[in-house]
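Q: Got a structure for you, written out below as structure tokens; questions coming shortly.
The values are calculated or read from the model by the stated rules, or taken from the named source; none is laboratory data. This one's a predicted model, so the numbers in the text were calculated from it and none came from an experiment. Note that each Cβ is placed from the backbone with ideal geometry, even for glycine, and that neighbours are counted across all protein chains shown.
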Amino acid sequence: MVEILFEDSDIIVCVKPAGLPVQTASLAQPDLESGLKKHLAGKYLAVVHRLDQPVEGIMVFAKNPRAAAELSKQVQNGGGMHKHYLARICGHMAEERGKCEDFLVKDARTNSSRIAKEGERGAKRAVLEYEVLEKGADTELLGITLHSGRHHQIRVQLASRGTPIRGDRKYGGEKALQGRLCLVADRLEFRHPAKGERMEFHIEVKI
């Protein structure tokens, strides 16, 4: 059962469990979209942003075309919807707080992304800000604010700096420990698509 944080006639806000895809073409595999459509008895539902399958976190869905269009604008403009994450990394960042700016290229064939040079075909700018929240002997907990929504962005940018997310089998290599991916979308802010009021949702998690 999906945890629903808020619902009205325009939107539904819920917590996506780790391991559950947002959408899937497989009839044999459950996904979040299908579960919510069942909850809505088959009524209109639009996906306006995504989370990687192994990532737990807060998502907002639109319940009518007008809400979908407005929320999509907030996602695309980069100023209306704010996404915050927690990530437990292997190793230590060079600074207590900072910004990661790169260009990423997605490889659809392998479902992966990589750091690229500016101007390379398909390269898109990726920006995030981070702050070290906790320090351990060989790990740190980061608070991350995402300024662009590129494919596997946080995972690729942190791994490229020698600090992969714990449990990241795709990008972490031998340095990342086995187990679940320690990345959670713990806070989401946006404007209500009909009322225009600012909305913020937050979940308490330990990773």
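Q: Identify the residue in the range 116-150 that is aliphatic (A, V, I, L, M) and more than 16 Å from Gly98 (Cα to Cα) and, among all such residues, is modelled with the lowest pLDDT.
A: Per the criteria, the residue is Ala137.
Q: Quick check on the range 172-182. Is at least one of its residues modelled with pLDDT under 95, of a type in the set (D, E, K, R), outside any strand (DSSP E or B) and farther than 30 Å from Ile12 by Cα?
A: The answer is yes, given that some residue of the range 172-182 is modelled with pLDDT under 95, of a type in the set (D, E, K, R), outside any strand (DSSP E or B) and farther than 30 Å from Ile12 by Cα.
Q: Tell me, please, whether a residue that is crowded, with 21+ Cβ neighbours inside 10 Å, among the basic types (Lys, Arg) and modelled with pLDDT of 95 or more can be found in the range 151-164.
A: yes
Q: From Glu129, Glu134, which residue is surrounded by 13 or more Cβ atoms within 10 Å (Cβ to Cβ), without any contact (Cβ under 8 Å) to a residue 40 or more places away in the chain, touching a strand residue (DSSP E or B) at 6+ places or on another chain (Cβ under 8 Å) and not assigned by TED's automatic domain parsing to the domain that holds Val47?
A: That would be Glu129, the only listed residue that is surrounded by 13 or more Cβ atoms within 10 Å (Cβ to Cβ), without any contact (Cβ under 8 Å) to a residue 40 or more places away in the chain, touching a strand residue (DSSP E or B) at 6+ places or on another chain (Cβ under 8 Å) and not assigned by TED's automatic domain parsing to the domain that holds Val47.
Q: For the range 113-141, how many residues meet the condition of being of a type in the set (A, V, I, L, M) and in contact with a helix residue (DSSP H, G or I) (Cβ under 8 Å, 6 or more places away or on another chain)?
A: 3
Q: Further, regarding this structure: Only residues that are within 19 Å of Pro54 (Cα to Cα) and without any contact (Cβ under 8 Å) to a residue 24 or more places away in the chain: list them for the range 137-160, please.
A: Result: Ala159, single match.
Q: Of all residues in the range 26-40, how many are within 24 Å of Leu183 (Cβ to Cβ) and among the aliphatic types (A, V, I, L, M)?
A: Residues meeting the conditions: 2.
Q: Which of the residues belonging to the range 116-133 are farther than 23 Å from Leu86 by Cβ and either part of a strand (DSSP E or B) or among the basic types (Lys, Arg) (or both)? Give the derivation first.
A: Step one: list which residues in the range 116-133 are farther than 23 Å from Leu86 by Cβ, which gives 116-125.
Of everything in the range 116-133, those that are farther than 23 Å from Leu86 by Cβ and either part of a strand (DSSP E or B) or among the basic types (Lys, Arg) (or both) turn out to be Ala116, Lys117, Arg121, Lys124, Arg125.
Q: Then there is this: Anything in the range 6-25 that is modelled with pLDDT of 95 or more and farther than 19 Å from Leu183 by Cβ? List them, or say none.
A: If the condition is that a residue be modelled with pLDDT of 95 or more and farther than 19 Å from Leu183 by Cβ, then Phe6, Glu7, Asp8, Ser9, Asp10, Ile11, Ile12, Val13 are the ones that fit.
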